[in-house]
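What follows draws every value from the coordinates through simple rules; no lab data is involved. Keep in mind it's a predicted model, so treat the numbers as computed, not measured. With ideal geometry, Cβ positions are generated from the backbone for all residues, glycine too; neighbour counts draw on all protein chains shown.
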Amino acid sequence: MLSVILVSMLSSALLLSACSSGNNSSNNVKSTTGNTTSKAEGNGDDVKPAKEEPLTFTYFGNYDWWGLDAWGDNAISKWIMDNKGVTVKEVATGGASQAKLNTMIASNELPDLILMDRGPGVERLRAAGALVPLDEYLDKYPNFKQYVGDATLNLLRSSDGKLYQLPNYYTSTPNGNSGWLIEKKIYKELGSPALETFDDLHAYLKLVKEKYPNVIPLEIDTSGWGHRMIYTGFKENNPPMLVDHSVYTDGDALKPIWGDPAYAEALKYTSMLFREKLISQDALTQTGDQLSEKLVNGRVAVIAAGDAANLGRSPDEELKKKDPEDGYMAIWPIHKAGLDKNKITPNNWNSLGWNVNVITKNAKDPEAIFRFLDWMTGPEGQQVVWFGPQGVLWDSVDGDGIPIPNDKWTSMPPEEKDKIGLQSYNFVGNTTFIDGAKVKIEMTLPEDKRNWSTVQQTNVFWKTSMNATQFVNLDPLPDTAEGIAAQSVGEIAKEALAKAIFAKNDAEVDEVLAQAEKDALKVGFDSVLKFKENAWHNNQTIVGQ
């Protein structure tokens, strides 16, 4: 009976996403977890961690692209098997994760642990009685309470007041990969002009078009995603994630985004650049591979992108092979003249991070799975799964529990590093610890050996990120009246963005925005706004914002 209920409840769920902590979090962690002691603590003894009772469980990631490196075939998973007694068996998605999950539900063969988006999918499984409540384990195994924190855990509680999900890549410190990149060689050859305001940007893009006819002056990512980078520059303390909800804040109220003067101004600016052919004409239709090809060949002068910290890494590396002075670099976000540049936030972060893990009632020993995840999210677990076992790339840690690189860190060939399994198994990543460690480690390396993405994150992206935890969990269930209306509003917003960018003039942009708001209200956006506003105010109470 359970399987029938679950299939019907999950059939309309939108569980896939494209693709941080509470007030108690701390980066001051040591290399000790429970009764586990490492040589790095300075006692001089080679004490191995106490091995738990053997544990084997199945794990499924509800994403088409998801997959684990083969367990036991690399240094990290082998260390976990030898020292923690844990074996993880992946349930493959076959490239069709939702269909696979529905099949497992129908046959009542749910995996023991599922990685998925928080929200409707989790709530459907919970309502059908398929998930294990985790509250009784929180005090017994303290890492989640210590590093995630009570406020964030409370945001993850279901309507019955219980906790069924554990966050992945949660954080208590700013993060993000969004922002602006420039091609360094082009910028230098054009005299390194001021590039701070949107007026500066317009002048620079026209100069690029004149001097470099084969170069695209500005790319705005795929599907026009980079437009939100422009939008955030037209208003101070403007969280970009609200674009996903088609809302903006006006005091204590949420209102349709098409009525936001800053949004209208940003779209008119974007549309003007598009008309002047200063933006790639396939900005709304190009694929990620097509965009990467342009960047690798240095054919883009400026890019505003949602994942700029990763998008620019390989192109920067390739361009540097030809000219050490070439490549891409992050710049401070472009802003409207008169605004405080330090209040422009193309990045936002929230303490819940990315997605969640849920333990199903099919698990024979849910407490043992929780215990393992609690170890993994703690300092020793993060050291092992992110940086590899002690004695491979590092031999000791500093006072904050951060690995100190040894000679192999930079000398080991890439093919050998691949055998370690770095970052392949971080089911419950502690982003605050990881990011702090990455920065500290990179700064100890010679400049030419530092990770490009980490440098850009440290210099710009993390400094231009705002805490948007108060805006999490605003989506209604998709099969409710509000949820159905919200889906329709999303389609209206997508169409309006395209029409506005292709508009012939500013007046046409105004017409598009006015019509989008009318259309949204016709499909029930008023009820959606009320739902989101109530959820927002409830979040504010929980997190104290």
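Quick notes on this one:
- The convex hull drawn around the Cα atoms of the chain, when projected onto a plane and averaged over every direction, covers 25.1 nm².
- Panel order for R371, R157, R313, by other beta carbons found within 10 Å of each beta carbon, from fewest to most: R157, R313, R371.
- Distance between the 7 Å Cα→Cβ label points at K364 and T480: 3.9 nm.
- Spatially close Lys pairs in region 459-545, defined by Cα atoms under 30 Å apart and a spacing of eight or more places or different chains, total 17.
- Amide H contacts of V397: I404, each under 5 Å away and 5 or more positions distant or on a separate chain (H built 1.01 Å from N in the peptide plane; Pro and chain starts excluded).
- Two-site FRET efficiency, N406 against E90, from Cβ-Cβ distance with R₀ of 51 Å, rounded to 0.05: 0.95
- Over region 474-543, relative contact order from alpha-carbon pairs under 8 Å, at least 6 apart, %: 43 percent
- Pairs of lysine residues in region 201-314 - Cα separation under 23 Å, sequence separation of 8 or more or cross-chain: 13
- Fewest-first sequence of H537, H335, H202 by Cβ atoms within 10 Å of each Cβ: H537, H202, H335
- Point-to-point label distance, E508-K440, nm (Cα→Cβ direction, 7 Å offset): 5.6 nm
- Positive minus negative residues near T173 (Lys, Arg vs Asp, Glu; Cβ under 15 Å): +1
- Cα centre as origin, Lys/Arg/Asp/Glu Cβ charges: region 474-543 dipole, Debye: 80 debye
- Length gained when the stretch D395-K206 is fully extended (0.36 nm per residue, less Cα-Cα span): 62.8 nm
- Under 5 Å, built H, 5+ apart or other chain: amide partners of T345: N237, N238
- Taking each of K408/K440; K78/K361; K188/K449; K185/K419 in turn, the alpha-carbon distance tops 29 angstrom for K185/K419.
- Label zone at E196, where the point sits 7 Å out along the Cα-to-Cβ direction: region 232-251 residues whose backbone N lies under 17 Å: 233-236
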